[in-house]
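Notes to accompany the following structure.
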Amino acid sequence: DLSSNATGAGALTLLSTQTASSSATISFTSGIDSTYNEYIFKFYDMNPATDDCSFSFQGSIDGGSNYNATVTYTFFIAYHNEGDSAAGAQYQTKSDGAQVSSNISFSEGIGNENDQHASGHLWLFNPSQTTYVKHFMGRCARMYPGDESIVDDFTGGYVNTTSAVDAIQFSMSSGNIDSGTIKLYGIV
């Protein structure tokens, strides 16, 4: 139901849609302003050109001229393979960061076969206020290459700035985004 967010509260307003076609990055440089206190990016069938890479994002405080905001975040996964021989949940130490300005991975190890793409959400809270840091959370389902495991990725953190975050850019850790669609919504 696209009329409400994950908690069932609030209506979604579609602000923009971008579709990847061998794209190095997908950038949202408009629509993130003081109109809404919560924004959600919904991404569908993000397929990397390169096997076993991560889907990531980074924020900008200058309208997209630079994507290098300082971020602290955590990352954990739940997984289960098709053969029913491995399942569990684990904290991913290598996938989190403290006060980093590089891209924030919120889906790792995506295969590039037709059944190995990623889909999910990224929430950004109150990006235009200038008193506090900007919190975010991401959740993504993906198919891990090789052992055919479904993985549920969870990330959360904050952009450590009191400046308004006004642009977000998505990319893969290696190679292009071969295909996929990202929709930006404002939540009332």
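The values are calculated or read from the model by the stated rules, or taken from the named source; none is laboratory data. Given the structure is predicted, the values throughout are model-derived calculations rather than measurements. So basically every Cβ, Gly included, is an ideal-geometry build from the backbone, and we count neighbours across all protein chains shown. All accessible areas refer to the heavy atoms of the entire protein, side chains included, with ligands and DNA or RNA removed. Shrake-Rupley method; radii C 1.70, N 1.55, O 1.52, S 1.80 Å.
In the range 105-180, counting only strands (runs of 3 or more DSSP E) that sit wholly within it, the ones holding 1 or more residues that are open to solvent by 50 Å² or more (accessible area, probe 1.4 Å), modelled with pLDDT of 95 or more and not small (Gly, Ala, Ser) span 118-125, 134-144, 149-159. Within the range 62-78, residues that are aromatic (Phe, Trp, Tyr) have Cβ atoms under 8 Å from residues that are exposed (fewer than 15 other Cβ atoms within 10 Å of the Cβ) in these pairs: PHE75/TYR91; PHE76/ALA89; PHE76/GLN90; PHE76/TYR91, counting only partners at least 6 apart in sequence or on another chain. Considered as a group, the residues in the range 51-88 that are among the hydrophobic types (A, V, I, L, M, F, W, C) and open to solvent by 80 Å² or more (accessible area, probe 1.4 Å) include one that is farthest from the chain's Cα centre (by Cα), and that residue is ILE61.
For the range 89-98, the set of residues classified as among the hydroxyl-bearing types (Ser, Thr, Tyr), outside any strand (DSSP E or B) and surrounded by fewer than 18 Cβ atoms within 10 Å (Cβ to Cβ) consists of THR93 only. Filtered by the rule that a residue be in contact (Cβ under 8 Å) with a residue 60 or more places away in the chain and farther than 28 Å from VAL159 by Cβ, the range 80-112 gives HIS80, ASN81, GLU82, GLY83, ALA86, GLY111, ASN112.
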